[in-house]
Every structure is written in structure tokens, then in C-alpha cells.
Amino acid sequence: MSVQRRAAALVAAVVLTAGLAGCGSPEQHDASRHRGGDLTYLDAEAPASLQIQVGYWQNSLLKDQLLDRLVYQDPKTFEFVPWIAERWTVDSSKRVYEFTIRDGVTYSNGQPLDAESVRRNLDWEANGDKAKGITRNTYFPKVDSITADNPRRTVRVTLTEPYAPFIAVLSLNTSGLVADATIDASKEKQSVVTNLIGSGPFVAVSEIPDKKVVLAKRRGYDWAPATAPHQGEAYLDSITVIPVTEDSVRVGALRAGQADAIRYSQPPDERLLAREGFDVRGLRTPGLANVLDVRQTAPFMKDINVRKAIGFGIDRNEILHTLYTDNWKPAQNIVTKNFPGYTDRSDAVRYDPDEAVRRLEASGWTHLNGDGYRIKDGHELAVKIYVDVYDHTAKPMYELIQRQLRRIGIRLVIRQTDFANYPTASIEDSVGLRRNGWPTADPVRLWQNYDSKGGDLYALDGADPNIDRLLHAQISATDPAQRLKVLEEYNNYVIDNAYSIPLLEDTQIFAVAPRVRGFANAANSVPWFYDTWIDESATAGPQKGSTDR
């Protein structure tokens, strides 16, 4: 049976009910309308808790449609521009911020989004809600005070100390603005998408957990960022988001006309869909590159020669040529091009098996066992990794890296687990490598990931004070030029010490049906459907003459 037919059998029922849920009055489907329609989007992952401070990637698409922020990061220029805050000022100490709030904005339940509402949101983000078990937004700086002046439409935030990424943090969907009804709800209710009451261009109207979420156009929406592609209401009448974890089923549903857009396909399917006339996009927005973080608690990982040998033993060009398409590029730093602190470090990020062997032998790994792996003091040189559940191309890539490292005598032990257990399993003390990488608005993510009191993803536990020193210096810098200098120093230090091994520039793959117009992505790579619409006169599926598989 073809992939298209299998897809039809597996998702037809869900897509049928999605279409019914998206239906409204008859005029919504009048083909004479220029812009509108109901879009079905298949994601590779099911959303998790929608509680605002929870930063799961798979929640980003829903949050971006529902929640406005004070600040907007333009996806073309990546500059920070006004949104709900129509302007802001910062004093000379870089501690006092004053925001002027846009007039006339309301949440979808009718509550005004005024200065007092912003004050309450920021206070909630800064302090959380201990009585409900809601933690503070970990991206948020420590604050001395937050005050509102409703008649003047201003909110003043006084920070405890300078915090360079503050404006960038206010553009993230973890800083999305919500109505009092959401803040007042229990933690459990806040986690449900239909209880997420924002001021965005869409509203969540229904959910079947792990099956689908239906969003509807927010009537009367008229406060998009100034640099948005249009003003006023969104064009689409509804969006149905369906999680489909099997790659072939998403692709088959798109080809069969049961879906309008999907996230993630395997590289061979990228070529197939492009040949059939689908718009296949590989987005590499600025942020952290895809890397292998080296965890110091695992056997042998404290040895810099072993860490460097792993990096020199990985052939990124072979990985790209064998497994990927032209949508993917090799990483040359731990951050992507055009991201603060980036420099070309291909001098250190290179395939050099001779140097890898030299490094290993310098650390006493001079003998091979019968399987061809290096041994020392009765121990085999092996390192464990769990397949990254958030990247559907991870397993074949790990298997190729496994073969590459075998050439220099290192055994890569690959383990698998599920979504629920991966966050814990991947940071067990015995795990030596863990994949990371994320599109992000600001290098604050480095501090989140690697500070010894934060993510500590190198598992150093403060053993290298230079990591914490440089991370703290970059977030507290008051001079942008000085911050860039510190970021370059940090990135170089990490590469020179092989704490992270760069692999690829982070790439998000989307495939879009020909009838979809205005498909665009936010600065964090996820689709923002504000300007999207369905052209009913265009074909929904493959072009004529395409062949089934």
C-alpha cells in the first residue's frame, strides 16, 4: 500500500473532524473571497503544558498565534521593534525601563490590555506564583519594582542590576501577555490551550488532547506590529493543528491533500515534495547551532584530548552528503552565522582523523581490542548518547557518526527512549554526549543552558569558573560592543576546550501545499499564520504527472 493510502487510513478521521470544526457560516467558504479559508497543519510533536513559563519548543506554534508580546522581533531583519509597547526608554544605568502601552488593545475575553495588565503580567513572570506551584520565568531578570500608570499608559520596570537581554526576552512567547483569567486560574487549567486567553490574531476554541487543537480568527484584531505584512484581522478563518509523529504519515497526508502544511520530513521526502510542486523550506534562523554537548560526569569526558578527538573524528561533509539536502549546512561555531558572537572557527571545527588519533594516543589510548576499539587500563573507550526525540533526522545521523568514530577507535553507544523520559535520560551521569541547538532571539540562551546554577548542560558543576564568569559577563554588559567581545571569547573558549562539538546549523523543515499563500515564519522559525490564506483555485496536492511511491 502506498504512503498516501496509509496516510489516508491513519489520519482521515482526524482530518475530517478538523475540517468540520473549522467550518463556519457558508460565506466563509465562498470561493469568490480573495483571502480566507481553513488550514490544516501537521506538527511532528504533540504540545505539552501550555503554561506560559514552560518553554517547550512544540508549544511555540500555538503560543505564537495566541499571544502578543510587548516587543516583536522582525523575522526579516531580526531587529526588535514595538508591538504592544509602542515605545520604550532605558535610563543611563541600564536598570530602569519605561514602556508606553498601545491604546485600544483587548484580550479575547474583552478585558483591556492596559498598563495595569502589563504590570501584572511582568510581575507574574518575574516572581511566579508559589501558592500554585508556578515558577518564575527563568529568562526574566531580577527586579526591584514594577509600577503602572494607567492614565499615562506607562509601565516602569526597575531591575536589580543591568540585564542586556531584557528587550529580547520580552519578545519571546514565554513572555506572552495573558488576561487576568489565565493568571488567576490554577496551574492545571493554565496548562490547557483553551484557557490561554491572549490578545493575538487567533483564539483557541477547542482541543482533543494529543489529537488536535482548533484555532479561530480573532474578530476585531487590529494591533499587529508595525513591520507585520498587513494590519487588521488575520486572513485565515481557522487553523487546525494535528500532531502526527510518524514522518511518512505527515508526508502522505500532505500529498493526499489532507493537510496544507507540515513540519519536518526526512531528507528524501524533501526532494520528493519539491519535485511534486510543494514549497519545501529549510529555515536557518539565528540562534544556537546544533551541537553535541560533552557531559563531564560520563567516563573519559574530563579528558580534553578525548573530547577533541570526538570533534576531529566527525566528518560533517559526509553527514550532509549522505543524509541531508542543500537545506542543511555544516556548523562552524556553537552559534549560527549572523548571531552575536559568531566567528568562523573552521580551523578547529574540522574533520581531521589523524589529529584525533594523535590526541587519543597522547592520552594513552594506544591499544585496540578485537573489535577495533581503543582500550586503556582494561576499559574500552566508549561514550553513550540518547537519540534526540526532538529531531526526526537524529537517529540516522548518530548511526553515521557511530561509524565515523569507530574509524578512530571510539565506540558510540546509541540508546533510545520516548518523549516523556528523554529530558531525564539524556542527562544521566553516564551519558557523555547530548544534542542541543535552538533558534533564539538572544545569546541569553547560552546562560540558560550552561551556567552552573542553570542548565549546567556540560555537567561541570562549577568546575570551570571561566564558563560562569563569561556567561554572567555577557548578560550584565551595558555596552553592546563589550558584550559582543565577551560572547566571542565565550564561544572560542567552549570550542577550544571542546565542551561542545558543532555539527550543523539548526534547520527547521516545512512543506507547504500550493494552495497556501502568505506562509511565513516568525523569528524563532515556527510559522506565524497571521498573513496566511487559502487560494481555493489552486491545487491542494501533488502536481499532475507526479508518481506515487
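Structure notes:
- Residue in region 191-201 that is buried (at least 22 other Cβ atoms within 10 Å of the Cβ) and out of contact with any Asp or Glu (no Cβ under 9 Å at 6 or more places or on another chain) present: yes
- Some residue of region 427-448 being of a type in the set (S, T, N, Q), within 23 Å of the chain's Cα centre (by Cα) and in a strand (DSSP E or B): yes
- Residues within region 477-487 that are assigned to a helix (DSSP H, G or I), surrounded by 17 or more Cβ atoms within 10 Å (Cβ to Cβ) and of a type outside the set (Lys, Arg), tallied: 2
- Inclusion of Asn305 among residues that are of a type outside the set (A, V, I, L, M), surrounded by fewer than 17 Cβ atoms within 10 Å (Cβ to Cβ), more than 22 Å from Ser426 (Cα to Cα) and free of Cβ contacts under 8 Å to residues at least 60 places away in the same chain is not warranted.
- Residue match in region 145-154 (condition: among the acidic types (Asp, Glu), touching a helix residue (DSSP H, G or I) at 6+ places or on another chain (Cβ under 8 Å) and either in contact (Cβ under 8 Å) with a residue 60 or more places away in the chain or not in a loop (DSSP other than H, G, I, E, B) (or both)): yes
- Scanning region 265-285 for residues that are crowded, with 23+ Cβ neighbours inside 10 Å and over 21 Å from Ile534 (Cα atoms) turns up Ser265, Asp269, Glu270, Thr285.
- Members of region 437-476 found to be farther than 30 Å from Ser92 by Cβ, open to solvent by 20 Å² or more (accessible area, probe 1.4 Å) and either in contact with a Gly (Cβ under 7 Å, 6 or more places away or on another chain) or among the aromatic types (Phe, Trp, Tyr) (or both), listed by number: Trp438, Ser452
- Only a single item in (1) out of contact with any Phe, Trp or Tyr (no Cβ under 6 Å at 6 or more places or on another chain); (2) open to solvent by less than 20 Å² (accessible area, probe 1.4 Å) is not met by Ala425, and it is number (1).
- For Gly372, the conditions (1) on the phi < 0 side of the Ramachandran plot; (2) open to solvent by less than 40 Å² (accessible area, probe 1.4 Å) all hold with the exception of (1).
- Within region 392-422, the set of residues being of a type outside the set (Val, Ile, Thr), open to solvent by 10 Å² or more (accessible area, probe 1.4 Å) and in contact with a helix residue (DSSP H, G or I) (Cβ under 8 Å, 6 or more places away or on another chain) comprises His392, Pro396, Arg407, Arg411, Arg415, Gln416.
The values are calculated or read from the model by the stated rules, or taken from the named source; none is laboratory data. Not measured: the values here are computed from a predicted model. Quick reminder, even Gly has a Cβ in these numbers, built from the backbone with ideal geometry, and neighbours come from all protein chains shown. Side chains included, ligands, DNA and RNA excluded: accessible areas come from the protein's heavy atoms. Shrake-Rupley method; radii C 1.70, N 1.55, O 1.52, S 1.80 Å.
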